[in-house]
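One structure is given below, encoded as structure tokens.
A short reminder: the numbers here are calculations on the coordinates, not readings from a lab. Small disclaimer: the values here were computed from a predicted structure and weren't measured. Neighbour counts run over all protein chains shown; Cβ positions are idealised from the backbone, glycine included.
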Amino acid sequence: MIYREAGEFKASYREDQAILPIRQDRWFMWGLMAVAFLLIPAISSQYWLSTIMLPFLILALAALGLNVLTGYAGQLSLGTGGFMATGAFAAYKLATMFPELHIVVVILLAGLITAGVGIIFGIPSLRIKGFYLAVATLASQFFLIWMFNKFGWFTNYSSSGVISAPPMTVFGDFFVTGPHATAVAKYLFALSLVVFFAIMTKNLVRSNIGREWMAVRDMDIAAEIIGIKMLPTKLKAFAYSSFLCGIAGALWAFVHTGSVEPLAFDVNRSFQILFMVIIGGLGSIMGAFLGSAFIVLLPIFLSNAPHLFGINIAVDLISHIEFMVFGALILFFLIVEPHGLARLWQIAKEKLRLWPFPY
Amino acid sequence: MRIERDVIYIFMATLFLMVAIPWAAGQLSDEILFEWPFFFEVAIGGLLAGVMYSLVALGFVLIFKASGVFNFAQGAMVLFSALTLVGLNELGLPMWLAIIATLFVMLVLAIVIERVVLRPLVNQEHIILFMATIGITYFLDGFGQTLWGSEVKILDLGIPSDPGFYFGGAILINDFDLVAALIAGVLVITLALFFQYTRIGRALRAVADDHQAALSVGIPLKHIWVIVWAVAGIVALVAGIMWGSKLGVQFSLALIALKALPVLILGGFTSVPGAIIGGLIIGAGEKLAEVFIAPLIGGGIEDWFAYMLALAFLVFRPQGLFGEKIIERV
Amino acid sequence: MNITRVKTTIIAAAVIAGSLAGAATAFAADSQFIGSLVYRTGPYAPGGIPWADGFADYINLLNARDGGINGVKLDLEECDTAYNTDKGVECYERLKNNGATGMPAVMPLSTGITYALLDRVVADKIPLITSGYGRADAADGRIFPYVFVPPATYWGGADIAINYISAQEGGYGKLKGKKIALVYHDSAYGKEPIKTLEALAKQHGFKFSKFPVPHPGLEQKATWLKIGRQLRPDYVLMWGWGVMNATAIKEAAAVGFPRDKFIGVWWSGNDADMIPAGKAATGYKSLQFNGVGSDFGVHKQIKKELYAKGKGSAKSAENTGEVAYNRGLQSALILTEALQAAMNHYGNKPVTGEQVAWALDRLSITEDRLKEIGADGLFDPIELSCVDHLGKGRAKVTQWDGKQWKTISDWISPNSEMLRAMYEASAAQYAKEKGITPRPCG
């Protein structure tokens, strides 16, 4: 009744090809942007902003990158943590070697360096497929972490191998890293970058290259037969995905934690991002955000829930129950909707189109 | 079991390189000491360690072979079975009874997993099933620790663990590793025979090929899955006992699965002999690399070298040494 | 209405509500809140559980015996981090504003979480106390006004180990030409002593070799074959953590390396790491910065006031002698002494982090005070100042006899001159990178 296309006319091809063709969708998206940019910083506590929203956003960006690689291009990869580490360390070296560079430039350059690294480690994908590729990308994961631990040059020869982000500003006195940065500043900075890249990715996957990726995912032999070249297509997927993961890693090190050692990006981080992508829904931009929300928010809620309901349980029991409930919820959501939370969202929208009619 | 010619060539090349590269490294660099007795010590130590990896990889292979599921929860199953065994033992059961009770527990676990997880997700994509096993991992981790606690527990089966000097006192081999290798070898041979020559084994292979086709010729899918997960549980228990005796039964035991993954991709996801041969190659390869190549680049390369080694093999055979050739139809 | 959508909406709303409300919990307005970041679960739980017990027991002892500090009751809340940096940061952010005046100090018990909190504690003005871990160069209090590192640091520990070895060999002169190896966890923690050991190797002429073990260290056969059969050093030092420790000791036994020449740092000297190693661990040595056993006055009081009444945190009174337990006890002692000094100055009410930092800048736990508490011989006296956030940094060497640790040396002092220069140089580099001006310590 409310959410329908009746009465909307498209007067040009351009309008017809819009990402959000339905007017209500566009209003919803603007509303969401208003909430994200204006409402949330205004009413949220510092805990909410810096411990919940910030990791959610940064990991959603990494999940976006992995979704492009695994969901759209069909290349299962477990090297995400290594690429995030590359982004973080590249950003650190750039920031310390060229202190005059603006932080956005540093982050973008770090992303480009990571894209290069991603291309190198994506070469096996030309020969190996499926779960074999996933385990092979673990080689890149372990190698990159070893490399950052081994060579002191990456950490400017600090005795403990930890990199520490120098305080940097976006403009004027607006610090986004270091002890002077406020939670609101960090949140808005990360939010802007994430929204920008989400829009860019959405456009990319609707374009030629996105269709090539999806063709490779669905049946790569057929894709090759109709003329899609495997080498550039797969390597472009790795490059773009690593670009986003590198930026996420740089943001994590600079804006979220401030000081990071290579083990923060170890294989557990890779698995965490992969879980986000699978739970959120492979091959969907919205899925990256939903998955990130699930994996980041749910454990926090689960460990706070006993306090919320006034039950006093021992801390270790809370942790164990959190694990169990988390595992059970993953199973529940997979059984209810194997294609992820994004599919649930899509079904909800389709039902809403017909409301109040059932079909 | 037919071995292709390719595999034999690759195998011989590997053997040659495994001797030649350390020897060459020893000649080229002063830091690396190459002596034949020491080389054999490292190689044998590596082979024995590789057998221990194969034990864990076996569980993965079994489940992938029969249900097409990459069971991420294998590591958690290793930990859970070891915890249950030690927990029951501490509660007062004698060891032999505790082992039988734990086997029973793993059977119940297999039944529950089949009913709750596998049946609703039948014929879904591989990656969804993979994610489901991750849910199982989280659940088992929390459940195991809730039941038996997070402290480290000792598992002492009386296996001697002193260094033994063989071949006239020149070569050092750990007795514990020898016993573990023997037990693992017996297990692998039993499983290989089981898959090849029994009716249930053939049914398992049919199910691995195609669930729906197997159903249509009358193979009871549900029973097969319970059987295979139960067998994987038994393998997990044996692996848990061996590794638990080595490291103590604690949470980190679940991380052993990461060491078994290169074995899996080298040997092929669907091959039991592949798990053993893959384990031997990875074990020997990574130890030889750590001792003879690593000093040139700083050390600590074991982890990623194993994966790089497996990757190198995959370039020549994308389905692993003994894995089924991946046939893609347009 | 689709039932799935209803379920999704409800769960989504609950998750958001739960997370929003996470920060708000009520505490009595006139009690001192103490937030404790511990790990009772996860891969390092065997080492974390005794620490958490020791910490909680001491706080509860003060409440039970004295009714708190200067009459102000202590409100302890634990948060389980499972040694995970993300969780640790979340725990800190959630707890830091609890209670009437917020968290008085944070002791994260993990190097990873420490580094993640370094920036935040400066902004939040909450002191970060890292006893025997974390950034060694925080000993320079002018650059790290909110980080305190009593009673010992890793760099000091490395020096003390070499000091002990030289004593065993008959003097520093006898070290020339000897081979000393370091087996370390390939992470920030494990790499800490390398610079110090390299400097000492140059100074005294021994050959220093490094053997990294990639995390988590389940398989070390190749490393120990290199050490035990190829290099055959005179001594091996270990900077290991968790399961790596037991594996290393077992592999050392497997290659026949004598355990009494194998010395680990305090985090490689937990009871929980010796037990899985079994017989192989007998003779292994470790540095500790506190005493061992439970024959001290404070333990007797804890057993009387808490365990006799069933209020102890550990499983039983026998576990109160573990070294990890004593470390937790010491951290609680440092915190509560600082709280008392702050209350004596600012009044007997809940104190803020800034006030506790003031007290820590002048912390003085003397030998007499330790006797009063019943901990003389258990802990070393601590004297901090605005410039020196470390104190004497002494440690002793203990040896595992198969069942427990036995002290086999006296308190050994590290070479404070050399180390102080190193601390200041490293802190200065950090200050330059971060743009921090050293505070004046008049």
For this session: Answer yes if at least one residue in segment A:322-330 is more than 12 Å from the chain's Cα centre (by Cα), under 25 Å from C:Ile49 (Cα atoms) and more than 10 Å from chain B (Cβ to nearest Cβ), and no otherwise.
Result: no
Seminar exercise, completed: Restricting segment C:251-263 to residues that are crowded, with 24+ Cβ neighbours inside 10 Å and part of a helix (DSSP H, G or I), the one farthest from the other protein chains (Cβ to nearest Cβ) turns out to be C:Ala252
For this session: Spot the failing condition for A:Pro41; the list is (1) touching a Phe, Trp or Tyr at 6+ places or on another chain (Cβ under 7 Å); (2) loosely packed, with under 12 Cβ neighbours inside 10 Å, and only one is missed.
Result: (2)
Exercise. So, of the residues in segment A:154-168 that are free of Cβ contacts under 8 Å to residues at least 60 places away in the same chain and either small (Gly, Ala, Ser) or in a helix (DSSP H, G or I) (or both), which turns out to be farthest from the other protein chains (Cβ to nearest Cβ)?
Worked result: A:Ser158
For this session: Could you list, in sequence order, all residues of segment A:140-194 that are closer than 15 Å to A:Ser50 by Cα, crowded, with 18+ Cβ neighbours inside 10 Å and more than 25 Å from the chain's Cα centre (by Cα)?
Result: A:Pro179
Problem set entry | Index of the failed condition, B:Met131 passing every other in (1) surrounded by 22 or more Cβ atoms within 10 Å (Cβ to Cβ); (2) assigned to a helix (DSSP H, G or I); (3) in contact (Cβ under 8 Å) with a residue 12 or more places away in the chain; (4) not acidic (Asp, Glu) | (3)
For this session: Only one of these is surrounded by fewer than 24 Cβ atoms within 10 Å (Cβ to Cβ) and within 30 Å of B:Ala98 (Cβ to Cβ): B:Val238, B:Val272, B:Val249. Name it.
Result: B:Val238
For this session: Give the residues of segment A:102-148 that are assigned to a helix (DSSP H, G or I) and of a type in the set (Lys, Arg), sorted by residue number.
Result: none
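Scan A:Thr70, A:Thr96 and give me the residue that is touching a residue at least 24 places away in the same chain (Cβ under 8 Å), out of contact with any Leu (no Cβ under 7 Å at 6 or more places or on another chain) and polar (S, T, N, Q).
Details: A:Thr70 fails: out of contact with any Leu (no Cβ under 7 Å at 6 or more places or on another chain).
One residue alone meets the criteria, A:Thr96.
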Exercise. Somewhere in segment B:118-126, is a residue of a type outside the set (Lys, Arg), in contact (Cβ under 8 Å) with a residue 60 or more places away in the chain and assigned to a helix (DSSP H, G or I)?
Worked result: yes
Exercise. With segment C:264-353 as the region, which helices (runs of 4 or more DSSP H) entirely inside it contain at least 1 residues that are in contact (Cβ under 8 Å) with a residue 40 or more places away in the chain and more than 15 Å from C:Gly47 (Cα to Cα)?
Worked result: C:297-305, C:323-346
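Yes or no, residue by residue, for (1) more than 14 Å from chain B (Cβ to nearest Cβ); (2) touching a Lys or Arg at 6+ places or on another chain (Cβ under 6 Å); (3) crowded, with 24+ Cβ neighbours inside 10 Å:
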residue	(1), (2), (3)
A:Leu108	yes, no, no
A:Thr114	yes, no, yes
A:Ile119	yes, no, no
A:Gly130	no, no, no
A:Leu138	no, no, yes
Exercise. Listed residues C:Lys210, C:Lys191, C:Lys176; which is closer than 30 Å to B:Leu253 by Cα, surrounded by fewer than 22 Cβ atoms within 10 Å (Cβ to Cβ) and touching a Gly at 6+ places or on another chain (Cβ under 8 Å)?
Worked result: C:Lys210
Exercise. Restricting attention to segment C:415-432, which residues are exposed (fewer than 15 other Cβ atoms within 10 Å of the Cβ) and within 12 Å of chain A (Cβ to nearest Cβ)?
Worked result: C:Ala425, C:Lys432
Seminar exercise, completed: (1) more than 13 Å from chain B (Cβ to nearest Cβ); (2) touching a residue at least 60 places away in the same chain (Cβ under 8 Å) all hold for A:Leu78 apart from (1)
Exercise. What are the pairs, 6+ residues apart or on separate chains, where a residue within segment B:244-259 that is farther than 17 Å from C:Gly42 by Cβ has its Cβ under 6 Å from a residue that is aromatic (Phe, Trp, Tyr) and surrounded by 24 or more Cβ atoms within 10 Å (Cβ to Cβ)?
Worked result: B:Lys259/B:Tyr53
For this session: Only helices (runs of 4 or more DSSP H) wholly contained in segment A:177-275 count here; list those with 1 or more residues that are more than 21 Å from A:Phe148 (Cα to Cα), in contact with a His (Cβ under 9 Å, 6 or more places away or on another chain) and in contact (Cβ under 8 Å) with a residue 24 or more places away in the chain.
Result: A:183-205
For this session: Could you check how many residues of segment B:279-304 are free of Cβ contacts under 8 Å to residues at least 24 places away in the same chain, in a helix (DSSP H, G or I), within 15 Å of C:Gln230 (Cα to Cα) and within 7 Å of another protein chain (Cβ to nearest Cβ)?
Result: 1
Exercise. Within the group A:Ala222, A:Ala253, which residue is surrounded by fewer than 19 Cβ atoms within 10 Å (Cβ to Cβ) and either touching a Ser or Thr at 6+ places or on another chain (Cβ under 6 Å) or within 14 Å of another protein chain (Cβ to nearest Cβ) (or both)?
Worked result: A:Ala222
